[in-house]
Structure formats: structure tokens, C-alpha cells
Amino acid sequence: GTDPSGDRFEFLNTELRKDKVDIIDEHYYRTPEWFLQNAARYDKYDRNGPKIFAGEYAAQSDKVVSIHNKNNLRTALAEAAFMTGLERNAGVVAMASYAPLFAHAEGWQWTPDMIWVDNLRSYGTPNYYVQKLYSTNRGTHVVSALQNDLPLTGQDSMYASAVIDKGTGELIIKMVNAGNLAAIKDIQINGAKKLGASGTQTLLTANDTNAMNSLDAPALISPVTSALKPKGNLLRVELPPHSFTVVKIRI
């Protein structure tokens, strides 16, 4: 339904679980802060109950149904942080869908939207690039990404999830630094006999969290990929403030 909490949600969630439905559709149109605070939402969901379809979600920079909502970096990073929880709990969350998808710059009914167009041009928002980085780096199996034996769900403004892709033989780690300070993470890869000679680090960030792409500057905020070299089974990753990072390396 349309609410992720409250009396209506509790009633519908309880009744649907009583009916033993296969899947429950949850929607979240909330502030960036809500998304950051709910990265662990599904960590304690019943593994034997209905699956979850995150059927509609988008962080609202102003408020729900506001004409002032923007597709800025702040909202994109909040969604990326929340999605680490979706990925970590893939056994519960079967599907997820950002919404809405398209809007015309001169005739829209709702904002934010993932892709904006006019009659001749189009551009992807920072939110689009978050979705693309997740969808093209899905992996096949979830693995643990822990700090002090706990998932990273906002400690020191850090969020993380990890998967392996058995088809490509790669480990894929997604990390969000939602804080104002840069961080360096030394990641110990356990269980791998040997890491590849080099990997990649794809970074989505900007100096201003209110920054946005536009028809005139469609790639102002877009992913940049660089090489990353391990030392043994250790990866040192630099995380700029207000950034989303995807690390890939063969294992």
C-alpha cells in the first residue's frame, strides 16, 4: 500500500500475512532522512512469510506531492543507502521499482522522476544512475559485508552490501558514505583464495548534495570508473563525502 508505517500499514500487513499471500507491495515516498534511517528495515522481517515487492519508492527532497521536489544527489544517495538493505535482504525483498520513470520537462504531474525529457533531448538523474549501478551489478548470491560483526546500516554514516556473481567470478561491494567527511575503508576479503590483480571502483558523487543533472548538463553527476589494486586479500577504498561507490574484483 501507500504507507510504510502507521495504522493502515499495520492493518493491511497483518491481514495479508494472515491470508498467507505470496507477496506484499510496499510503497515509500518519504524524506531522504527516512530512507537513511530505514536501511535495516528488512533485516528482521520473517524469512518464512510473504516476499516483499518495493513497488514504488523515491526520496522526496521537499515533501510528498510537492512541486518543489528535486532529483538531486541528496535524494539519490539516500535511495542508494536504503537499497543496500534491499540487496542484503534479497531473500525477503523479491523486487523493487523506483517510480515514476519518465516526465516531460514542460508538462509533468509529479516530481521527482527518474528520467526527464523534452521533445528532442533526455537525461538521467542521479537517481537514475543509482538504479543503473544496482541493476548492472546485481550478482547472483548475497554475501556478508560487516564491520565489527554487524551490517553497515548507518554507523558513521556508512552503508554497505555485497554480492558475488558466480557467472563472472566477481565480488561486488556497494558502499554509501552519506556523511560530510571522507573515509578510507580497508576491506578484508575472507573466503577467497586469491583476488584478481586489479579491480574497479565506480564512483557517483558531487561537491554539492543539491546538485542535479539537466537537459543542458545531462552528465553533471554521472559515474566515473577507475582501477583498484588489492594487496593480498585486502582492498583499500577511498570514499569521498556524499558518495556512492561500487567495487568489483575477481575472486
If you scan the range 147-184, which residues turn out to be in contact with a Leu (Cβ under 9 Å, 6 or more places away or on another chain), of a type in the set (D, E, K, R) and touching a residue at least 60 places away in the same chain (Cβ under 8 Å)? Lys174
Please go through the range 1-49 and give me each residue that is surrounded by 15 or more Cβ atoms within 10 Å (Cβ to Cβ), without any contact (Cβ under 8 Å) to a residue 24 or more places away in the chain and polar (S, T, N, Q), ordered by number. Asn13
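Only one of Ala217, Ala197 is over 26 Å from Lys231 (Cβ atoms) and exposed (fewer than 15 other Cβ atoms within 10 Å of the Cβ); which?
Result of the check over Ala217, Ala197: Ala217.
Here is a yes/no grid of residues against (1) in a loop (DSSP other than H, G, I, E, B); (2) not acidic (Asp, Glu):
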| site | (1), (2) |
| --- | --- |
| Ser5 | yes, yes |
| Lys20 | yes, yes |
| Asp43 | yes, no |
| Ser61 | yes, yes |
| Ala76 | no, yes |
| Leu86 | no, yes |
Regarding Arg74, is this residue touching a His at 6+ places or on another chain (Cβ under 9 Å), charged (D, E, K, R), surrounded by 14 or more Cβ atoms within 10 Å (Cβ to Cβ) and touching a residue at least 60 places away in the same chain (Cβ under 8 Å)? yes
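Which of the following residues is without any contact (Cβ under 8 Å) to a residue 40 or more places away in the chain and either touching a Lys or Arg at 6+ places or on another chain (Cβ under 9 Å) or of a type in the set (Asp, Glu) (or both): Ser144, Ser135, Ser198? I'd like the intermediate steps shown before the answer.
Values: Ser135 fails: either touching a Lys or Arg at 6+ places or on another chain (Cβ under 9 Å) or of a type in the set (Asp, Glu) (or both); Ser198 fails: without any contact (Cβ under 8 Å) to a residue 40 or more places away in the chain.
From the options Ser144, Ser135, Ser198, the qualifying one is Ser144.
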Name the strands (runs of 3 or more DSSP E) wholly inside the range 89-191 in which the number of residues that are surrounded by fewer than 20 Cβ atoms within 10 Å (Cβ to Cβ) is 2 or more. 93-98, 102-104, 115-117, 122-124, 141-143, 158-165, 183-188
Screening Lys70, Lys20 for residues that are charged (D, E, K, R), modelled with pLDDT of 95 or more, closer than 28 Å to Ala178 by Cβ and not assigned by TED's automatic domain parsing to the domain that holds Ile173 leaves only Lys70
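Among the residues of the range 88-127, write down those that are more than 17 Å from Ala59 (Cβ to Cβ) and under 14 Å from the mean Cα position of the chain (by Cα).
Initially, the range 88-127 is screened for residues more than 17 Å from Ala59 (Cβ to Cβ), giving 88-95, 102, 104-109, 117-123.
Hits for the range 88-127 are Arg88, Asn89, Ala90, Val93, Met95.
Ala58 - would you say it is within 19 Å of Tyr128 (Cα to Cα) and surrounded by 15 or more Cβ atoms within 10 Å (Cβ to Cβ)?
Details: within 19 Å of Tyr128 (Cα to Cα): yes; surrounded by 15 or more Cβ atoms within 10 Å (Cβ to Cβ): yes.
Yes.
The values are calculated or read from the model by the stated rules, or taken from the named source; none is laboratory data. Only a predicted model underlies this, so the values are computations on that prediction, with no experimental measurement involved. Note that we place each Cβ from the backbone using ideal geometry, even for glycine, and neighbour counts take in every protein chain shown.
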